[in-house]
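K.L.:
I'd like to ask some things about the structure below.
The values are calculated or read from the model by the stated rules, or taken from the named source; none is laboratory data. Nothing here was measured: the structure is a model prediction, and the numbers come from that model. Every residue, glycine as well, gets a Cβ built from its backbone with ideal geometry; the counts of neighbours run over all protein chains shown. Quick note on the areas: whole protein, heavy atoms, side chains included, nothing else; ligands and nucleic acids left out. Shrake-Rupley method; radii C 1.70, N 1.55, O 1.52, S 1.80 Å.
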Amino acid sequence: DMAVMEHLAFAYAYSGEARYFEGAREWTLACCRVWSREAEGEPDLNKAYAVTRLLKGLAVCYDLLYQNLLEGDRAEIRDTLVSIGRKYYEMYHQQPGLLGKDANKHHASLEASCLGVTALALLGEVPEAQDWLDLVIASHTDYLLPHALTPSGTQEQSSNYWASTMQYRIFFMDALRRVTGQDLFKDCLLYTSDAADE
């Protein structure tokens, strides 16, 4: 679901072709309708890996399609992002270890980054998005950037996890830099340098 809607949204953003816009719009709204029930249940670690990635896909589509969406479509996507995002934020907020010390470094990197992209897409429209963003930035600077990769730059679980750890880290950090001007890439270099010195 995430891959299809994101690919269609990026195809529209690059080409401007109406067929890609309509495809992306339909997929995004369908995903909202199917996945919106995630806001009704209790979040847990088994679901967070999938649900937060879906949020990131919806957030990317919301951003890329925003200018041409009808207000009703915007509201439906925004409401889905907020209702599910709020549930998962509260889960992380009440159990900070899920994104910090002793967390699974790969899952925490992915889940924090997805919540961060979601927060950035809603920034300025939804007041609580700033709280979500603050949590994600803190999880990156306090734990994920200095510890999610080893001092040599590998991922301790396997090279497969290295790829997605880096991809999601970049998804969030690049969007953060473009939207807010805060550059965690510099922090990442500092952490890598410090770790190598040790």
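K.L.:
Count, please, the residues in the range 1-34 that happen to be within 19 Å of the chain's Cα centre (by Cα), open to solvent by less than 60 Å² (accessible area, probe 1.4 Å) and not aliphatic (A, V, I, L, M).
P.N.:
Of the residues in that region, 4 qualify.
K.L.:
Turning to a different aspect of this structure: For the range 121-140, which positions are surrounded by 20 or more Cβ atoms within 10 Å (Cβ to Cβ) and not aliphatic (A, V, I, L, M)?
P.N.:
Scanning the range 121-140 gives 132, 139, 140.
K.L.:
Quick one: which of 19, 74, 25 is free of Cβ contacts under 8 Å to residues at least 24 places away in the same chain, in contact with a helix residue (DSSP H, G or I) (Cβ under 8 Å, 6 or more places away or on another chain) and not small (Gly, Ala, Ser)?
P.N.:
Exactly one residue qualifies, and that residue is 74.
K.L.:
Additional query: Could you list, in sequence order, all residues of the range 1-56 that are in a loop (DSSP other than H, G, I, E, B) and either closer than 21 Å to residue 85 by Cα or of a type in the set (Val, Ile, Thr) (or both)?
P.N.:
1, 40, 41, 42, 43, 44
K.L.:
Just one of (1) open to solvent by 30 Å² or more (accessible area, probe 1.4 Å); (2) within 13 Å of the chain's Cα centre (by Cα); (3) of a type outside the set (S, T, N, Q) trips up residue 55, so point out which.
P.N.:
Condition not satisfied by residue 55: (1).
K.L.:
With the checklist (1) buried (at least 23 other Cβ atoms within 10 Å of the Cβ); (2) in contact with an Asp or Glu (Cβ under 6 Å, 6 or more places away or on another chain) in hand, flag the one item residue 61 doesn't pass.
P.N.:
If we test residue 61 against (1) buried (at least 23 other Cβ atoms within 10 Å of the Cβ); (2) in contact with an Asp or Glu (Cβ under 6 Å, 6 or more places away or on another chain), just (2) comes out false.
K.L.:
May I pose another question? Residue 74: assigned to a helix (DSSP H, G or I) and open to solvent by 60 Å² or more (accessible area, probe 1.4 Å), yes or no?
P.N.:
When the stated conditions are applied, residue 74 does not pass them.
K.L.:
Name the one entry in 165, 180 that is open to solvent by 50 Å² or more (accessible area, probe 1.4 Å), of a type in the set (Ser, Thr, Tyr), modelled with pLDDT of 85 or more and closer than 24 Å to residue 57 by Cβ.
P.N.:
Residue meeting the stated conditions: 180.
K.L.:
All but one of (1) open to solvent by 20 Å² or more (accessible area, probe 1.4 Å); (2) under 20 Å from residue 112 (Cβ atoms); (3) out of contact with any Lys or Arg (no Cβ under 8 Å at 6 or more places or on another chain) hold for residue 43; which doesn't?
P.N.:
Here residue 43 meets the rest and fails (3).
K.L.:
Right, next: I'd like the full set of residues that are farther than 16 Å from residue 126 by Cα and among the hydroxyl-bearing types (Ser, Thr, Tyr), limited to the range 46-89.
P.N.:
Within the range 46-89, 49, 52 qualify.
K.L.:
Return the residues of the range 80-116 that are free of Cβ contacts under 8 Å to residues at least 24 places away in the same chain, assigned to a helix (DSSP H, G or I) and either over 30 Å from residue 150 (Cα atoms) or of a type in the set (S, T, N, Q) (or both); say none if nothing qualifies.
P.N.:
94
K.L.:
Given the structure, is residue 151 more than 14 Å from the chain's Cα centre (by Cα), open to solvent by 20 Å² or more (accessible area, probe 1.4 Å) and either within 18 Å of residue 55 (Cα to Cα) or touching a residue at least 60 places away in the same chain (Cβ under 8 Å) (or both)?
P.N.:
no
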